[in-house]
Structures are given as C-alpha cells and as structure tokens.
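K.L.:
Attaching a single structure in structure tokens format; questions to follow.
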Amino acid sequence: MQASKDSVERSLNKKQLELIDFARLISPVAQDCLEPMGQQAQTLTRQRFGKVIRLFAPLYLSNECINNCSYCGFSRDNSILRVTLSIDEMVTEARALAEQGFRNILLVTGEHPRFVSECYLRDCVKALHKFIPGISLEIGPMETEGYQPLAAAGAEGLVVYQETYDRPVYSEMHTAGPKKDFNWRLTTPERAYEAGFRRLGIGALLGLGDWRWEALCVAAHAQWLLKHCWKAQLTISTPRLRPCAGEFEPLVNVSDTELVQLTCALRLLLPDTGIALSTREPAHLRNGLMSLGITHMSAGSHTEPGGYTGAGREKLHHTKRGQIIALAEHSSEWATGQFDIADERSPEEVANQISRAGYEPVWKDWDSALTA
Ligand code: SF4
C-alpha cells in the first residue's frame, strides 16, 4: 500500500488503531517515523504488560515428519538424523531446562502420527506437568477431540504458525503431506480454543511471501481470534527464516529495520497481544527489540530433539517412507535441528541482559502461578 507521511502521522496520533492504520505503519514511508513509533510501542507495552519479559524454552520431542515444507530442515525428503524421545528422555531434557530456571516450556514436534501419536503427546504433557506449570505445544494440527486430552493433561498453550498467508506461495512451499491443506491449518487455533487451550500463538514465517502482506494477514487473523476466542491470551510471532537442512534460500528478505518497524506496528495495533521473539534473531537485535513491544523470549534454545542433554542420541537413524533405516555405523553426532539459531547466549546471559535493560526476566508465567 502507498501511504503518505501525513497519513502515517495521523495514524500514529490515533488512540485506537484500525487495520488501515497498521497498513500505513508498515509502509516504506513509515520508516521515517520509527522513533515515535518505538516510543509509543515502548510506553504501551509497559502500560499493558509491565517491565517484564517472560522466558520460555522449546523442547523438541521428535524431528520425524510426513510433510515436505521447502523451508524446513525436518522435511520428510531431507536425509537427516532423526529421533523421537521417549517419555523418560523428554523428562531428562525438561529437568535440564528446569535447572536453568525455565517454568514455561514449548513442546515441539514434526508431524508424524507413526512416531508422535496423540497418546504419546498426552503422556508427555502428563509427565511434564508434574514439575513444569507452563506447557505449550507446537505440534501437527488436530481435530478438537484430539486436543481435548492434551488440554486436560495440563497443556494450556497451542502455537501454530500459518507460515505464509499467501495461498499460491503456500501451495508452492508445501509439496507433500497433510500440511498442504491451507484452510485446515488456518482454522487450527479455533479448534484448540474449543478444546480448552487458553493461550494461542499465531504467526507468519518471514522470508516466504511479501512481508507486508503477511503482516496484514497476521494482524487481521489476530483481530478475528481476539473477537471469537476472547477468553484466550494471544501471542504473535514473526520469525525470519534461518539456514537449515535442505538449504532453502528465503524468497524475500526482511531487514532488521523492517522487523523493528513490524514489531512496533503490531504493538500499536494490538496493545494487549503478546509478541514473542525467538533465538532465530541475533543477540544485538534481540537486545534492541526487547524494549519495543516484545513480551516473550526464548533463550538458550536447541532445535534438535535431545539437544539439551544428548538424550536419545543412541537411537539416531534415517527415516524413509515411515520406515526406520538404521545407521551403518555408530554415530557420535546429535540429531539434526530444525534450523540454526542466531542468538547462542545461555539463558542466564539473556536473563542478565534483560535485567540490565531495566526489565524483569520472568521464568514462571503469572497466570500459571495464580492457577497452579
Ligand atoms: S515445518 Fe513442521 S510440518 Fe513442515 S517439515 Fe517442518 S516440522 Fe514438518
């Protein structure tokens, strides 16, 4: 969209923004207004969320997948080292994270019913809930009935990124597997809400479609969910593509400045929505963004199953058409990660940086603490 500097300033002066204002704030001309946008985003975030950053860690359960997503290291056609953690191995990983301070864990898996069944996921949640109060899931989309036992076992959050809201690009990127179904994925947060999840995470993977179009769609999707799933707490994420197995190259580039602009604009449009920032972004950028609207950050992340302790390494294998192919000889390697992280600081270093910036790092979410 073409916006004028005047129209950007008018939008910035409004008390309550609409989608058209958001479109202006992410327009190229609005980059000249980044400073007032940043100040407003900072003030609004402090008013609505306080001076805190909530920390969480992803725990990868499995890198098996039946889908081919061109941009993902876990794609079924990639010849990578795969493994699915047992419940005990998952607990070992989670205890290592708990020792580092984490009380909010995001369980992540590829999508492969043969290795990652609904019962397995329920048992993981049950075992984890004994010592971790904040559990969210980033798993293959399910029916409402599939989600219900997971919510009942103690999972409260469901994260599902649409990846791209551009249907032709979506078709091009998802060449095999159930993820090809755009609509099924798009309606996932509603099914999770119906099943009892009270934290929903959505987002677009930046680097696939035009980022301004993706941002507009994420914002519209968020507004719709806020209206229809109003009991849930919503969090948005706008991860940028990172290197991974398969060596996919981003189709579009999103600069650091554009990511800052997008974060500020999201905050101004959606004052009460959480914004998560992962270790995909480098330390210097995360340090700068943390005072401009970010509410949740991961830290010290590993994107491979067993990445925190080496759990499951003796079971590494390849997988072809759902069949396990044993390795010819013992491997001293670790399972393959989903993507390379950029911020390699330890959780303690990230927490110290948050404190130095004048914010409080929160390891245990307030809401969970109140209901635990
Ligand atoms: S993005 Fe998800 S569904 Fe696609 S290959 Fe990776 S793990 Fe599988």
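K.L.:
In debye, nearest 20, what is the charge dipole magnitude of the chain about its Cα centre with +1 on Lys and Arg Cβ and -1 on Asp and Glu Cβ, if you could check?
P.N.:
820
K.L.:
With every protein chain left in place, what is the accessible area of GLU329 in Å² (1.4 Å probe, nearest 10)?
P.N.:
Rounded to the nearest 10, the figure is 140 Å².
K.L.:
Moving on to the next point. Restricting to Cα pairs below 8 Å that are 6+ residues apart, what does the relative contact order work out to for segment 1-96? Please round to a whole percent.
P.N.:
18
K.L.:
Relative contact order for segment 177-307: what percent, with Cα pairs under 8 Å and sequence separation of 6 or more?
P.N.:
In percent, rounded to a whole number, it is 23.
K.L.:
I've got another one for you. Report the Rg/Rh value for the chain, based on alpha-carbon coordinates and the Kirkwood definition of Rh.
P.N.:
Rg/Rh: 0.95.
K.L.:
Expressed as a fraction of 2.2 N^0.38 Å, the rule-of-thumb size for a compact globular protein of N residues, what is the C-alpha radius of gyration of segment 283-368?
P.N.:
1.50
K.L.:
Based on the Cβ-Cβ distance from ASP88 to GLU360, what FRET efficiency comes out when R0 is 41 Å, to the nearest 0.05?
P.N.:
0.75
K.L.:
Which of the cysteines in the chain are isolated, no other cysteine C-beta under 4.7 Å?
P.N.:
When partners are defined as cysteine Cβ atoms under 4.7 Å apart, the chain leaves CYS33, CYS65, CYS119, CYS124, CYS217, CYS229, CYS244, CYS264 without one.
K.L.:
Would you list HIS302, HIS330, HIS284, HIS221 from the most to the least accessible area, probe 1.4 Å?
P.N.:
HIS330, HIS284, HIS302, HIS221
K.L.:
Another one. Which whole-number percentage describes the relative contact order of the chain, with Cα contacts under 8 Å and a sequence gap of 6 or more?
P.N.:
Normalised by residue count, the contact order of the chain is 26 percent.
K.L.:
Moving on. So what does SER171 come to for accessible area, using a 1.4 Å probe and Å² rounded to 10?
P.N.:
80
K.L.:
Take the solvent-accessible surface of the protein heavy atoms, probe 1.4 Å, and return the percent of it on the chain that carbon and sulfur atoms account for.
P.N.:
C and S atoms contribute 49 percent here.
K.L.:
What residue among THR273, THR187, THR336 shows peak mean-square fluctuation when the chain is described by a Gaussian network model with Cα springs under 10 Å?
P.N.:
It is THR187.
K.L.:
Stretched out fully, how many nm does the piece from VAL252 to LEU327 gain, at 0.36 nm a residue minus the Cα gap?
P.N.:
Full extension of this stretch gives 23.3 nm more.
K.L.:
Ok, one more. As I understand it, the dipole of segment 110-225 uses +1 on the Cβ of Lys and Arg and -1 on the Cβ of Asp and Glu, about the Cα centre. Which of PRO113, HIS129, GLN148 lies farthest toward its positive end?
P.N.:
Farthest towards the positive pole: HIS129.
K.L.:
Something else about it: Cut-off 10 angstrom, C-alpha nodes, Gaussian network model of the chain. Which of LYS15, LYS180, LYS231 fluctuates the most?
P.N.:
For the chain, modelled as a Gaussian network with Cα springs under 10 Å, the answer is LYS15.
K.L.:
Here's something else I'd like to know. Between segment 165-211 and segment 67-136, what is the separation of their alpha carbon centroids in Å?
P.N.:
Between the Cα centre of segment 165-211 and that of segment 67-136, the gap is 20 Å.
K.L.:
Please identify the longest segment of the chain free of exposed chymotrypsin sites (Phe, Trp or Tyr not before Pro), where exposed means a DSSP state other than H, G, I, E or B and no more than 15 other Cβ atoms within 10 Å.
P.N.:
Maximal segment without exposed cleavage sites: 231-372.
K.L.:
Another one. With a sphere of radius 12 Å drawn around the Cβ of LEU44, what net charge do the other residues whose Cβ falls strictly inside it have (Lys, Arg +1; Asp, Glu -1)?
P.N.:
Around LEU44, the charge tally is +3.
K.L.:
Continuing with this model, one more query. Dipole of the chain (Lys/Arg Cβ +1, Asp/Glu Cβ -1, origin at the Cα centre): which of CYS244, SER11, GLY73 lies farthest to the positive side?
P.N.:
SER11
K.L.:
Could you tell me the largest-minus-smallest coordinate of the C-alpha atoms of segment 288-331 on each of the three principal axes, in descending order and whole angstroms?
P.N.:
50, 25, 13
K.L.:
Another one. Whole number in Å², please: accessible area per residue of the chain, 1.4 Å probe, ligands, DNA and RNA not counted.
P.N.:
Solvent-accessible surface per residue comes out at 43 Å².
K.L.:
Compute the separation of the alpha-carbon centres of segment 254-321 and segment 14-30 and state it in Å as a whole number.
P.N.:
Centre-to-centre distance over Cα atoms comes out at 25 Å.
K.L.:
Using +1 at the C-beta of Lys and Arg and -1 at the C-beta of Asp and Glu, which of LEU225, ALA342, MET90 has the Cα lying farthest in the positive direction of the dipole of the chain?
P.N.:
With unit charges placed on the Cβ atoms, the residue in question is LEU225.
K.L.:
Also, I was wondering about something else. Rounded to whole Å and sorted largest first, what semi-axes of the equivalent ellipsoid does the C-alpha gyration tensor of segment 222-338 yield via the square root of 5 times each eigenvalue?
P.N.:
Rounded to whole Å, the semi-axes are 35, 18, 15.
K.L.:
So, with +1 on the Cβ of K and R and -1 on the Cβ of D and E, and no other charges, what is the size of the charge dipole of segment 197-257 about its Cα centre, to the nearest 20 debye?
P.N.:
520
K.L.:
Could you identify which residue out of PRO168, PRO133, PRO347 has the top mean-square fluctuation in a GNM of the chain using Cα springs shorter than 10 Å?
P.N.:
Per the Cα network of the chain with a 10 Å cutoff, PRO168 tops the list.
K.L.:
Another question, if that's okay. Counting Lys and Arg as +1 and Asp and Glu as -1, each charge on the Cβ, what is the dipole of segment 1-107 about the Cα centre in debye, to the nearest 20?
P.N.:
480
The values are calculated or read from the model by the stated rules, or taken from the named source; none is laboratory data. On a predicted model such as this, the values are computed, not experimentally measured, just so you know. We place every Cβ from the backbone using ideal geometry, glycine too, and count neighbours over all the protein chains shown. Note: accessible area is taken over every heavy atom of the protein model, side chains too, but ligands, DNA and RNA are not part of it. Shrake-Rupley method; radii C 1.70, N 1.55, O 1.52, S 1.80 Å.
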